[in-house]
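Contents: one structure, followed by commentary.
The values are calculated or read from the model by the stated rules, or taken from the named source; none is laboratory data. Computed from a predicted model, the values in this text were never measured in an experiment. Cβ coordinates were reconstructed from backbone atoms using ideal geometry, including for glycine residues, and neighbour counts include every protein chain displayed. We work out accessible area using only protein heavy atoms, side chains counted, and drop any ligands, DNA or RNA first. Shrake-Rupley method; radii C 1.70, N 1.55, O 1.52, S 1.80 Å.
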Amino acid sequence: MKGLVLINAYWRAECVTEQAERIQRELELAGVETDIKRNGFLPCAAGAGIENRIADAYDFCVYLDKDKYVSELLEKSGMRLFNRHEAVRVCDDKMRTYAALAANGIAVPYTVPAPLCYTAGSVPRADVLDEVERRLGYPIVIKTSYGSGGKGVYKADNRAELERVAGGLLMQPHMYQQYIESDGKDIRVIVIGGRVTGGMLRTAPEGEFRSNIAAGGSGQPYPLDDDAIKLCERVADVFSLDYAGIDLLRTPHGYIVCEVNSNAFFAEFERTCGINVAGAYAGHIVRTMSGV
Ligand SMILES: Nc1ncnc2c1ncn2[C@@H]1O[C@H](COP(=O)(O)OP(=O)(O)O)[C@@H](O)[C@H]1O
Ligand SMILES: [Mg+2]
């Protein structure tokens, strides 16, 4: 059995290659050889059928990219992807994620998609912003559909800020969201093969509401209660995620799912919680591929 660990053509951050190497190492320890490649060699194409140039060389692909076009073509050609294409596609788009979670009765912050704008030079419509204010009240969280690491997540405390952020994002898919009072904290939970591995409380730096490690947040181990475990395992199940990094916000009425990541970085989680995430993922991949 041989696998490919596929990473994005343009992601240059060290954490990207580190994550791939951790998974490669753990798969090697489990007796499975892999190659790490960037998606610069165009592994697949659509033509008279689907071309998969790596079909003969690899039995599976650890898909550390978020590129939903490549994942679709690889999977449609019959290759097993970890995570699967549909999971990558839904998780890549925050509005799609919220819609899918809400449709399955899973609590998410109240979220209104901004009307998509295809007309360059437009400004946000006043009636849209009036309605957003009426439905959400301040503060309002504004998010791009495709951001990560806290980039593309903003907070507006008044109309002037709302107009400024909405104006800057008009040509990108984005949404308006209820602010959940959480003191700059959230809980990152990693689920592998349907089972929670552990939880990490993330705390935002002073004066910041985004708790992402990439945005300067700090992590500490967090003992998960049964509600959090049940919720996260259900989320992973709903999206058929082999591997999931789920962000929870705590409220007095229970947990709310803030985000579901199909390719969450795990270095800080491994360091903080002392959990071998890459090893658990490798174990899941090997078991799945061996049919046990
Ligand atoms: N509705 C919200 N209310 C309060 N805090 C939020 C809300 N949405 C996001 N945050 C904070 O911002 C961080 C980043 O938001 P998230 O939706 O997870 O996007 P990203 O993909 O950038 O991680 C979260 O981890 C959380 O700390
Ligand atoms: Mg997040």
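Side notes on the structure shown:
- Meets criteria (away from ligand 1 (no atom under 16 Å from the Cβ), at pLDDT 95 or above, out of contact with any Gly (no Cβ under 9 Å at 6 or more places or on another chain) and more than 21 Å from residue 6 (Cα to Cα)) for residue 237: no
- Condition check for residue 194: away from ligand 2 (no atom under 16 Å from the Cβ), closer than 19 Å to residue 241 by Cα and open to solvent by less than 40 Å² (accessible area, probe 1.4 Å): yes
- Meets criteria (free of Cβ contacts under 8 Å to residues at least 40 places away in the same chain and within 14 Å of ligand 1 (Cβ to nearest atom)) for residue 137: yes
- Checking each residue in segment 16-45 for being in contact (Cβ under 8 Å) with a residue 40 or more places away in the chain and either surrounded by 16 or more Cβ atoms within 10 Å (Cβ to Cβ) or touching a Ser or Thr at 6+ places or on another chain (Cβ under 9 Å) (or both) picks out 16, 19, 20, 22, 23, 26, 27, 32.
- Of 292, 277, all but one fail to be out of contact with any strand residue (DSSP E or B) (no Cβ under 9 Å at 6 or more places or on another chain) and more than 16 Å from ligand 2 (Cβ to nearest atom); the exception is 292.
- Single residue of 99, 103 found to be assigned by TED's automatic domain parsing to the domain that holds residue 228, hydrophobic (A, V, I, L, M, F, W, C), closer than 24 Å to residue 250 by Cα and open to solvent by less than 60 Å² (accessible area, probe 1.4 Å): 99
- Residues of segment 46-62 include at least one that is crowded, with 22+ Cβ neighbours inside 10 Å, at pLDDT 95 or above and in contact with a Phe, Trp or Tyr (Cβ under 6 Å, 6 or more places away or on another chain).
- Flag for residue 40 being modelled with pLDDT of 95 or more and of a type outside the set (A, V, I, L, M, F, W, C): no
- Scanning segment 107-133 for residues that are of a type in the set (Asp, Glu) and within 15 Å of residue 165 (Cβ to Cβ) yields one hit, 133.
- Filter result (within 16 Å of ligand 2 (Cβ to nearest atom) and either surrounded by fewer than 20 Cβ atoms within 10 Å (Cβ to Cβ) or of a type in the set (S, T, N, Q) (or both)) within segment 131-177: 144, 145, 146, 147, 148, 149, 150, 151, 152, 155, 175, 177
- Within segment 237-257, if we keep just the residues that are farther than 14 Å from residue 106 by Cα, more than 16 Å from ligand 2 (Cβ to nearest atom) and in contact (Cβ under 8 Å) with a residue 60 or more places away in the chain, the residue that is surrounded by the most Cβ atoms within 10 Å (Cβ to Cβ) turns out to be 242.
- Residues within segment 216-240 that are under 18 Å from residue 273 (Cβ atoms), of a type in the set (Gly, Ala, Ser) and not in a helix (DSSP H, G or I), tallied: 3
- Failed item, numbered, when residue 270 is tested on (1) open to solvent by less than 40 Å² (accessible area, probe 1.4 Å); (2) within 12 Å of ligand 1 (Cβ to nearest atom): (2)
- Residue check, residue 122 within 14 Å of ligand 1 (Cβ to nearest atom), among the polar types (S, T, N, Q) and touching a residue at least 12 places away in the same chain (Cβ under 8 Å): no
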